[in-house]
Structure formats: structure tokens, C-alpha cells
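Accompanying notes for the structure given below.
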Amino acid sequence: MNPARTCRDTWRLMSELTRDGTVVRNFHQDILMDDWLIETELFSRDALEAYTAWNLGRELRPEQQRWFSEQRGGAQGDYREDMREKLDNVVDCLTRFPASKRAVITIPNTSRPRHTSDGDAKCMRELHFHLHQGALNATVLFRAQAALIFPKNIHFIGALMQEVGARLPGQPRPGRLFYLASVLVADRQ
């Protein structure tokens with residue numbers, strides 16, 4: 001297992017590994033979820049907050065709409081469908097059965113995705129939550145991750161973990177995230 005890294009250090013590692021166009025298969029990292037804000041030229045705090053609010057199923061303020069673009073993720077990074085209900089299910093699961101292995105959020109995908117359609121095959125596939133030593137931990141599986149887009153994804157995951165934890169008895173803090181991407185690349189090219 002890799003030593004645990006911060007979100008920012010994980011992003012730096014991803015960027016370094018893919019800098020020269022290298023494709024990394026089965027990238028995995030244990031990530032400390034203390035601080036999931038990584039501002040970049042592409043993702044300001046405002047852009048990150050807009051995408052996270054959208055994917056959490058919240059209503060956007062009119063000015064937040066301007067941050068959405070294909071360059072920042074497009075249909076592959078739209079995880080919003082039924083997210084409020086999925087969050088409620090995870091909270092109910094971990095409240096009633098704190099040791100459950102069924103606290104899972106599945107991101108909707110077309111069962112037979114067309115390789116020509118970004119929206120058919122979301123990048124994030126599943127998040128598995130579990131409680132351990134007073135913290136809410138998770139495992140996430142990505143079909144693909146562009147290092148350039150990681151700040152948006154980790155911001156969403158951190159906010160998701162924070163919301164779930166805040167709604168659980170004892171309000172556990174976000175702990176660790178085991179992160180697995182089948183394919184890691186530099187950007188969306």
C-alpha cells in the first residue's frame with residue numbers, strides 16, 4: 001500500500017506521473033481527507049463549489065451556471081442523478097447498521113455504454129463508505145481520472161463525505177479515502 005498523502009500531494013503525484021503523456025493503469029492511493037480544496041487555474045474555489053453543489057443535487061445560484069464547461073468535465077463528470085436519495089440511503093444505512101458493507105453510492109451508467117458518448121460512461125463508478133475509529137472513510141472507484149480534473153472530483157468526494165458524516169450520530173469527520181482509478185492520464189485529450 002502507498003503511504004497516505006494529502007489531497008494536494010495526491011494531485012501533485014498524479015500530475016507528475018502523467019506529465020509526459022504517460023498513461024498509468026490501476027493507480028491507487030490512500031488519501032487523507034482533512035483538506036480537499038485544490039484551487040487551480042481551471043478550478044477556482046467558485047468553480048469547485050458550483051460543480052460540487054450541482055453533483056450533490058443542490059439548486060445552483062444563477063451566477064454559478066457560468067462555471068460549467070466541457071473542459072471542466074462535461075457529461076462524464078455529471079454525478080447528480082438521484083444523489084439526494086442516495087445520500088439519504090447511505091445515512092440511513094450507517095445510522096441503523098454502523099458496521100454495514102452496504103453503504104454504497106453507485107453512479108448511473110448506461111449498461112452498454114457507447115464508446116462515442118461521454119455521458120454513457122461516467123468516470124466515477126462507486127463510493128463505498130464505512131465507519132472506523134470515529135471517522136467516516138470511503139473507497140472510490142474511477143473508470144478514468146485526468147489529473148487536470150482531480151481537484152473537481154476530490155472536492156465533490158470531500159463534500160459528500162462531510163455531508164454524510166454531519167448527518168450521522170456522533171458526526172464523524174471525513175477520514176481516509178482509498179482511491180482507485182483504472183486509468184490515470186494528464187488531461188481529457
Item checked: Members of region 161-176 that are in contact (Cβ under 8 Å) with a residue 60 or more places away in the chain, surrounded by 15 or more Cβ atoms within 10 Å (Cβ to Cβ) and not in a helix (DSSP H, G or I) -> L168, P174, G175, R176
Margin query: Test of understanding: among D30, D20, which residue is without any contact (Cβ under 8 Å) to a residue 12 or more places away in the chain and within 20 Å of A181 (Cβ to Cβ)?
Written below: D20
Next item on the list: Report whether or not A181 is closer than 16 Å to I107 by Cβ, under 13 Å from the mean Cα position of the chain (by Cα) and modelled with pLDDT under 95.
Entry: no
Notebook entry, point to check: helices (runs of 4 or more DSSP H) wholly in region 1-101 with at least 1 residues that are touching a strand residue (DSSP E or B) at 6+ places or on another chain (Cβ under 6 Å) - which ones?
Noted result: 7-18, 83-96
Next item on the list: Mind listing just one residue for me: the one in region 33-69 that is in contact (Cβ under 8 Å) with a residue 12 or more places away in the chain and of a type in the set (D, E) and, of those, surrounded by the most Cβ atoms within 10 Å (Cβ to Cβ)?
Entry: E49
Item checked: Of all residues in region 70-96 being closer than 17 Å to A146 by Cβ and buried (at least 17 other Cβ atoms within 10 Å of the Cβ), the one that is farthest from the chain's Cα centre (by Cα) -> R72
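The values are calculated or read from the model by the stated rules, or taken from the named source; none is laboratory data. Worth saying up front: this structure is predicted, and the values here are computed from it rather than measured. Because the Cβ atoms are built from the backbone with ideal geometry, glycine has one as well, and the counts that use them run over all protein chains shown.
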